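Asker: Structure below; questions to follow.
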Amino acid sequence: MNVKRILAALVLVMASVQLAYPQSRIITKAFLTGHINYTRDTSFIKISHKYTDRKVYLQKATYAAYQKMYTAALKDGVVLSVISGTRSFYDQHYKWYSKWSDPEFAGIKDKKQKAQKLLSWWSMPGTSRHHWGTDMDLVNLSPAFYTTPAGKKIYNWLVNNANKFGFYQPFNAGRPTGYKEEKWHWSYLPLAKIYLQEYTRQITYADINGFPGSEAAKELDVIKSQVLAINLACK
Ligand SMILES: [Zn+2]
(Lines give C-alpha, C1' and ligand atoms only; values in the text may rest on other atoms or scores of the structure.)
Protein backbone atom coordinates (compact mmCIF):
# COMPACT_ATOMS: atom_id res chain seq x y z
CA MET A 1 0.00 0.00 0.00
CA ASN A 2 2.77 2.36 0.99
CA VAL A 3 4.68 1.56 -2.16
CA LYS A 4 1.57 2.32 -4.21
CA ARG A 5 1.16 5.67 -2.47
CA ILE A 6 4.80 6.56 -3.03
CA LEU A 7 4.51 5.63 -6.69
CA ALA A 8 1.34 7.68 -7.06
CA ALA A 9 3.06 10.67 -5.44
CA LEU A 10 6.03 10.24 -7.76
CA VAL A 11 3.78 10.21 -10.82
CA LEU A 12 2.16 13.43 -9.60
CA VAL A 13 5.54 15.11 -9.12
CA MET A 14 6.69 14.05 -12.58
CA ALA A 15 3.45 15.28 -14.12
CA SER A 16 3.82 18.68 -12.47
CA VAL A 17 7.40 18.96 -13.73
CA GLN A 18 6.09 18.18 -17.21
CA LEU A 19 3.47 20.92 -16.81
CA ALA A 20 6.06 23.45 -15.68
CA TYR A 21 8.49 22.58 -18.47
CA PRO A 22 6.38 21.07 -21.24
CA GLN A 23 9.05 21.23 -23.93
CA SER A 24 11.90 19.95 -22.02
CA ARG A 25 13.64 18.50 -19.04
CA ILE A 26 14.36 19.03 -15.37
CA ILE A 27 16.71 21.98 -15.34
CA THR A 28 19.59 21.19 -13.01
CA LYS A 29 22.81 23.03 -12.23
CA ALA A 30 24.65 20.28 -14.07
CA PHE A 31 22.58 20.89 -17.20
CA LEU A 32 22.92 24.68 -17.03
CA THR A 33 26.72 24.48 -16.74
CA GLY A 34 27.22 21.89 -19.47
CA HIS A 35 27.87 18.87 -17.29
CA ILE A 36 25.79 16.50 -19.38
CA ASN A 37 26.51 13.95 -22.08
CA TYR A 38 24.43 15.35 -24.93
CA THR A 39 25.31 12.37 -27.15
CA ARG A 40 23.29 10.15 -24.79
CA ASP A 41 20.63 12.57 -23.55
CA THR A 42 17.27 11.78 -25.16
CA SER A 43 16.29 15.45 -25.55
CA PHE A 44 19.27 15.97 -27.86
CA ILE A 45 19.79 14.78 -31.42
CA LYS A 46 22.67 14.66 -33.88
CA ILE A 47 21.67 16.81 -36.81
CA SER A 48 21.66 15.60 -40.42
CA HIS A 49 24.57 16.24 -42.78
CA LYS A 50 22.05 18.13 -44.87
CA TYR A 51 22.55 20.98 -42.37
CA THR A 52 26.22 20.66 -41.42
CA ASP A 53 29.47 19.04 -42.45
CA ARG A 54 30.43 18.54 -38.80
CA LYS A 55 29.21 16.49 -35.86
CA VAL A 56 26.60 18.77 -34.31
CA TYR A 57 24.01 18.07 -31.60
CA LEU A 58 21.04 20.27 -30.72
CA GLN A 59 18.02 19.88 -28.51
CA LYS A 60 15.23 18.31 -30.55
CA ALA A 61 12.95 21.37 -30.25
CA THR A 62 15.77 23.66 -31.43
CA TYR A 63 16.47 21.35 -34.35
CA ALA A 64 12.81 21.18 -35.43
CA ALA A 65 12.62 25.00 -35.49
CA TYR A 66 15.95 25.26 -37.29
CA GLN A 67 14.81 22.88 -40.04
CA LYS A 68 11.81 25.11 -40.71
CA MET A 69 14.04 28.18 -40.82
CA TYR A 70 16.50 26.45 -43.15
CA THR A 71 13.73 25.58 -45.62
CA ALA A 72 12.32 29.11 -45.57
CA ALA A 73 15.78 30.62 -46.12
CA LEU A 74 16.45 28.26 -49.01
CA LYS A 75 13.23 29.41 -50.72
CA ASP A 76 14.67 32.93 -50.57
CA GLY A 77 17.98 31.79 -52.04
CA VAL A 78 19.86 31.79 -48.72
CA VAL A 79 21.76 28.63 -47.80
CA LEU A 80 22.29 28.29 -44.06
CA SER A 81 24.74 25.87 -42.45
CA VAL A 82 25.53 25.00 -38.85
CA ILE A 83 29.13 25.25 -37.72
CA SER A 84 28.69 24.61 -34.00
CA GLY A 85 25.80 23.62 -31.75
CA THR A 86 25.86 22.08 -28.30
CA ARG A 87 29.12 22.21 -26.39
CA SER A 88 29.60 20.52 -23.02
CA PHE A 89 31.64 21.97 -20.15
CA TYR A 90 34.53 19.81 -21.40
CA ASP A 91 34.18 20.97 -25.02
CA GLN A 92 34.25 24.55 -23.77
CA HIS A 93 37.14 23.73 -21.43
CA TYR A 94 39.14 22.49 -24.41
CA LYS A 95 38.50 25.75 -26.32
CA TRP A 96 39.19 27.96 -23.29
CA TYR A 97 42.35 26.08 -22.33
CA SER A 98 43.73 26.16 -25.87
CA LYS A 99 43.36 29.98 -25.84
CA TRP A 100 44.65 30.26 -22.26
CA SER A 101 47.84 28.42 -23.23
CA ASP A 102 48.18 30.14 -26.63
CA PRO A 103 51.57 31.92 -26.97
CA GLU A 104 49.62 35.01 -28.10
CA PHE A 105 48.50 35.51 -24.49
CA ALA A 106 51.65 34.20 -22.77
CA GLY A 107 52.80 37.72 -21.94
CA ILE A 108 49.79 38.38 -19.71
CA LYS A 109 50.80 37.11 -16.27
CA ASP A 110 47.88 38.52 -14.29
CA LYS A 111 45.12 35.90 -14.36
CA LYS A 112 42.29 38.40 -14.11
CA GLN A 113 43.68 40.46 -16.98
CA LYS A 114 44.18 37.36 -19.09
CA ALA A 115 40.67 36.08 -18.43
CA GLN A 116 39.29 39.53 -19.27
CA LYS A 117 41.17 39.49 -22.59
CA LEU A 118 39.87 36.03 -23.56
CA LEU A 119 36.32 36.97 -22.59
CA SER A 120 35.99 39.28 -25.61
CA TRP A 121 35.28 36.20 -27.70
CA TRP A 122 35.38 33.03 -25.58
CA SER A 123 33.09 31.97 -22.77
CA MET A 124 34.39 30.48 -19.58
CA PRO A 125 33.38 26.80 -19.27
CA GLY A 126 30.11 26.64 -17.34
CA THR A 127 28.92 30.03 -18.66
CA SER A 128 28.28 29.35 -22.36
CA ARG A 129 24.84 29.38 -23.95
CA HIS A 130 26.18 26.58 -26.16
CA HIS A 131 25.80 24.25 -23.15
CA TRP A 132 22.03 24.30 -23.50
CA GLY A 133 21.38 22.85 -26.97
CA THR A 134 19.55 26.04 -27.91
CA ASP A 135 22.36 28.06 -29.44
CA MET A 136 24.29 27.64 -32.65
CA ASP A 137 26.90 29.29 -34.81
CA LEU A 138 25.88 29.63 -38.44
CA VAL A 139 27.69 29.86 -41.78
CA ASN A 140 30.90 31.75 -40.92
CA LEU A 141 32.67 32.80 -37.71
CA SER A 142 34.61 35.72 -39.20
CA PRO A 143 33.28 39.27 -38.68
CA ALA A 144 34.89 40.19 -42.05
CA PHE A 145 32.64 37.72 -43.90
CA TYR A 146 29.58 39.74 -42.90
CA THR A 147 30.92 42.79 -44.73
CA THR A 148 30.89 40.88 -48.05
CA PRO A 149 27.78 40.79 -50.30
CA ALA A 150 27.28 37.07 -49.51
CA GLY A 151 27.63 37.66 -45.77
CA LYS A 152 25.34 40.70 -45.79
CA LYS A 153 22.66 38.77 -47.69
CA ILE A 154 22.66 35.95 -45.12
CA TYR A 155 22.75 38.26 -42.09
CA ASN A 156 19.98 40.50 -43.46
CA TRP A 157 17.82 37.46 -44.09
CA LEU A 158 18.35 36.28 -40.51
CA VAL A 159 17.64 39.72 -39.05
CA ASN A 160 14.37 39.92 -41.01
CA ASN A 161 13.20 36.33 -40.56
CA ALA A 162 14.89 34.35 -37.77
CA ASN A 163 12.55 35.71 -35.07
CA LYS A 164 9.56 34.08 -36.82
CA PHE A 165 11.16 30.72 -36.06
CA GLY A 166 12.14 31.58 -32.48
CA PHE A 167 15.78 32.48 -33.17
CA TYR A 168 17.42 35.67 -31.86
CA GLN A 169 20.93 37.11 -31.91
CA PRO A 170 22.06 37.37 -28.26
CA PHE A 171 25.39 39.05 -28.98
CA ASN A 172 24.16 41.92 -31.10
CA ALA A 173 25.81 45.29 -31.70
CA GLY A 174 25.68 48.17 -29.25
CA ARG A 175 25.93 46.39 -25.88
CA PRO A 176 28.17 48.22 -23.40
CA THR A 177 29.74 45.01 -21.98
CA GLY A 178 30.00 41.31 -22.80
CA TYR A 179 31.19 39.42 -25.85
CA LYS A 180 31.83 41.28 -29.07
CA GLU A 181 29.12 41.27 -31.71
CA GLU A 182 28.57 37.80 -33.19
CA LYS A 183 26.47 37.88 -36.34
CA TRP A 184 26.74 34.10 -36.60
CA HIS A 185 25.40 33.16 -33.16
CA TRP A 186 21.64 32.51 -32.97
CA SER A 187 19.64 31.29 -30.00
CA TYR A 188 16.34 29.42 -29.82
CA LEU A 189 14.58 31.59 -27.27
CA PRO A 190 11.48 29.49 -26.40
CA LEU A 191 13.91 27.28 -24.48
CA ALA A 192 16.91 29.58 -23.92
CA LYS A 193 14.82 32.20 -22.08
CA ILE A 194 13.77 29.57 -19.53
CA TYR A 195 17.36 28.41 -19.10
CA LEU A 196 18.68 31.93 -18.62
CA GLN A 197 16.10 32.55 -15.90
CA GLU A 198 17.09 29.30 -14.22
CA TYR A 199 20.77 30.18 -14.61
CA THR A 200 20.33 33.43 -12.71
CA ARG A 201 18.26 31.63 -10.06
CA GLN A 202 20.50 28.59 -9.53
CA ILE A 203 24.09 29.36 -10.50
CA THR A 204 26.56 31.16 -8.24
CA TYR A 205 30.30 31.69 -8.51
CA ALA A 206 30.82 28.55 -6.42
CA ASP A 207 29.53 26.64 -9.47
CA ILE A 208 32.02 28.17 -11.92
CA ASN A 209 35.33 26.38 -11.47
CA GLY A 210 37.65 23.68 -12.78
CA PHE A 211 39.65 25.62 -15.39
CA PRO A 212 42.53 28.12 -15.45
CA GLY A 213 41.28 31.62 -14.76
CA SER A 214 38.14 30.46 -12.96
CA GLU A 215 39.44 32.27 -9.86
CA ALA A 216 38.73 35.52 -11.70
CA ALA A 217 35.09 34.69 -12.53
CA LYS A 218 33.71 36.30 -9.39
CA GLU A 219 35.89 39.38 -9.52
CA LEU A 220 35.03 39.90 -13.19
CA ASP A 221 31.38 39.23 -12.29
CA VAL A 222 31.02 37.11 -15.44
CA ILE A 223 27.37 36.22 -14.77
CA LYS A 224 26.44 39.89 -14.98
CA SER A 225 29.15 41.13 -17.35
CA GLN A 226 28.99 38.21 -19.83
CA VAL A 227 26.04 35.80 -19.38
CA LEU A 228 23.51 38.62 -18.86
CA ALA A 229 25.16 41.17 -21.16
CA ILE A 230 22.99 40.19 -24.11
CA ASN A 231 20.45 41.59 -26.53
CA LEU A 232 17.54 42.84 -24.39
CA ALA A 233 15.15 40.84 -26.59
CA CYS A 234 16.80 37.65 -25.28
CA LYS A 235 16.06 38.29 -21.61
ZN1 LIG B 1 28.39 30.83 -30.53
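The values are calculated or read from the model by the stated rules, or taken from the named source; none is laboratory data. Given the structure is predicted, the values throughout are model-derived calculations rather than measurements. Positions of Cβ are backbone-derived with ideal geometry, glycine not excepted, and every protein chain shown enters the neighbour counts. Heads up: the accessible areas ignore ligands, DNA and RNA and are worked out on the full protein's heavy atoms, side chains in. Shrake-Rupley method; radii C 1.70, N 1.55, O 1.52, S 1.80 Å.
Asker: Calculate, for Thr148 and Gln67, the FRET efficiency according to 1/(1 + (r/R0)^6) with r their C-beta to C-beta distance and R0 30 Å; round to the nearest 0.05.
Answerer: According to the calculation, E is roughly 0.70.
Asker: Additional query: So the label point goes 7 Å from the Cα of Lys29 along Cα→C-beta, right? Which residues of the stretch 189-204 then have their backbone N under 14 Å from it?
Answerer: Under 14 Å, as judged by backbone N against the label point of Lys29, lie 199-204 of the stretch 189-204.
Asker: Find which of Ile208, Ser142, Ala192 sits farthest along the positive direction of the dipole of the stretch 24-234, computed with +1 on the beta-carbon of Lys and Arg, -1 on that of Asp and Glu, about the Cα centre.
Answerer: Positive-most Cα among the choices belongs to Ala192.
Asker: Moving on. Over the stretch 24-234, average the accessible area per residue using a 1.4 Å probe and give it in Å², no decimals. Could you put the intermediate results ahead of the total?
Answerer: Numbers: 9980 Å² over 211 residues.
Here the residues of the stretch 24-234 average 47 Å² of exposed surface.
Asker: Once R0 is set to 25 Å, what does the formula 1/(1 + (r/R0)^6) return for the Cβ-Cβ distance between Thr39 and Glu219, expressed as a FRET efficiency to the nearest 0.05? Don't jump to the answer; show the numbers that get you there.
Answerer: Numbers: r = 35 Å, r/R0 = 1.39.
Approximately 0.10, to the nearest 0.05.
Asker: When only the heavy atoms of the protein chains count and the probe is 1.4 Å, how do Leu141, Leu232 rank by accessible area, highest first? Mind dumping the intermediate values first?
Answerer: Working: Leu141 85, Leu232 140 Å².
Solvent-accessible surface, decreasing: Leu232, Leu141.
Asker: By the gyration tensor of its Cα atoms, with a ≥ b ≥ c the square roots of the eigenvalues, what is the shape of the stretch 105-170: rounded for a/c under 1.5, prolate for a/b over b/c, or oblate?
Answerer: Details: a/c = 3.79, a/b = 1.71, b/c = 2.22.
In terms of gyration-tensor shape, oblate.
Asker: What part of the accessible area of the chain, given as a whole %, is carbon or sulfur when the probe is 1.4 angstrom? All intermediate terms of the calculation are to be shown ahead of the outcome.
Answerer: Values: 7040 of 12300 Å².
The nonpolar share, carbon plus sulfur, comes to 57 percent.
Asker: Also, quick follow-up: Which value in Å is the Kirkwood Rh of the stretch 24-234 over different Cα pairs?
Answerer: 17.6
Asker: Can I ask one more? Roughly how many Å is it from the Cα centre of the stretch 188-235 to that of the stretch 74-106, as a whole number?
Answerer: With the stretch 188-235 and the stretch 74-106 each reduced to a Cα centre, they are spaced 18 Å.
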